[in-house]
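S.K.: Next up is a structure, given as structure tokens.
Every number in this text was worked out from the coordinates using simple rules, so none of it is lab data. These figures come from a predicted structure and were not determined experimentally. Counting neighbours? That spans all protein chains shown, and the Cβs are built from the backbone with ideal geometry, glycine included.
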Ligand code: GRF
């Protein structure tokens, strides 16, 4: 069976990364995790990669806070290409990507966001949904472009906002949905890859 070579980028906890690696391990996802890369040296996502024996690397991000220095972004492209990655999966990666990555992996970079985009892009989207008094929020998997939480939407899952929800309880419910939605979307990419290539 032809397995889709994926690379996962993250800056933090790595719960989505863990869910994806578990799906691969249990045979439910025809993907092969080639590398996990983080811009944070002590990010738990790197420990998760080690736990699953996946190659992993720290990418020193340079002087900017929300993006990578251009030469660093080029280095990231090289790392992913050398690993043979076909689909780049952002899982809590806190940097906006620019031309080097977007050109090298056109329509091959996806992200998950904890809201029903285009509503509530940006940080702590679950707090935005609560503050707006909405009854439903959710999560979105989308292609990545040069704007934050903006590219073409691939799939969404709704999550109810319940009376008495706190930011924490709502966030936890959204994350459960994320851990189901992301592997399901990646499975569709795997099927496409097996049939005809991405
Ligand atoms: C996820 O909740 C996702 O919505 C957002 O960043 C968070 C990362 O969480 N883009 P984790 O590192 O996967 O636990």
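S.K.: Once a ≥ b ≥ c are taken as the square roots of the eigenvalues of the Cα gyration tensor of the stretch 47-198, is the result rounded (a/c under 1.5), prolate (a/b larger than b/c) or oblate (a/b not larger than b/c)? Before the final figure, lay out each step's value.
M.R.: On the way: a/c = 1.86, a/b = 1.53, b/c = 1.22.
Prolate shape, in that a/c is at least 1.5 and a/b is the bigger ratio.
S.K.: Here's something else I'd like to know. Can you give me the relative contact order of the chain as a percent, contacts being Cα pairs under 8 Å and 6 or more apart?
M.R.: Relative CO of the chain lands at 21 percent.
S.K.: Turning to a different aspect of this structure: Please say if the stretch 1-124 is rounded, prolate or oblate, where rounded means a/c under 1.5 for a ≥ b ≥ c the square roots of the C-alpha gyration tensor eigenvalues, and otherwise the choice is prolate for a/b larger than b/c and oblate otherwise?
M.R.: rounded
S.K.: Cα axis of helix 167-195 to longest principal axis of the chain: angle in degrees, 0 to 90, nearest 10?
M.R.: The angle comes out at about 40 degrees.
S.K.: Provide 11, 38 in ascending order of the number of other Cβ atoms located within 10 Å of each residue's Cβ, fewest first.
M.R.: Result, fewest neighbours first: 11, 38.
S.K.: Next up: Could you work out the helix-only [θ] at 222 nm for the chain, with each DSSP H run of four or more residues adding -39,500 (n - 2.57) and the total divided by the number of residues, to the nearest 500 deg cm²/dmol? Mind showing how you got there, number by number?
M.R.: Numbers: 6 runs with 74 residues, N = 198.
Using -39500 (n - 2.57) per qualifying helix, the result is -11500 deg cm²/dmol.
S.K.: Suppose a student asked you for the relative contact order of the stretch 125-198, using Cα pairs under 8 Å spaced at least 6 residues apart; what percent would you report?
M.R.: Numbers: 74 pairs, mean separation 20.7, N = 74.
Value for the stretch 125-198: 28 percent.
S.K.: May I pose another question? Please compute the length gained on full extension between residue 172 and residue 136, using 0.36 nm multiplied by the number of residues separating them and subtracting their Cα-Cα distance.
M.R.: Once the chain is fully extended between residue 172 and residue 136, it gains 11.5 nm.
S.K.: If I build a Gaussian network model for the chain, linking alpha-carbon pairs within less than 10 angstrom, which residue out of 90, 80, 41 has the largest mean-square fluctuation?
M.R.: 41
S.K.: For the chain, take the longest principal axis of its alpha carbons; what is the angle in degrees between that and the long axis of helix 70-82, to the nearest 10 within 0 to 90?
M.R.: The answer is roughly 70 degrees.
S.K.: Then there is this: Could you rank the peptides 101-109, 146-154 by their average count of other C-beta atoms within 10 Å per residue, with the highest value first?
M.R.: Numbers: 101-109: 17.2, 146-154: 14.4.
Result, highest mean Cβ count within 10 Å first: 101-109, 146-154.
S.K.: Roughly how tilted is helix 15-25, in degrees to the nearest 10 and between 0 and 90, from the longest Cα axis of the chain?
M.R.: The two axes meet at around 60 degrees.
S.K.: Between residue 127 and residue 64, what's the calculated FRET efficiency when r is the beta-carbon distance and R0 is 30 Å? Round to 0.05.
M.R.: Rounded to the nearest 0.05, the efficiency is 0.75.
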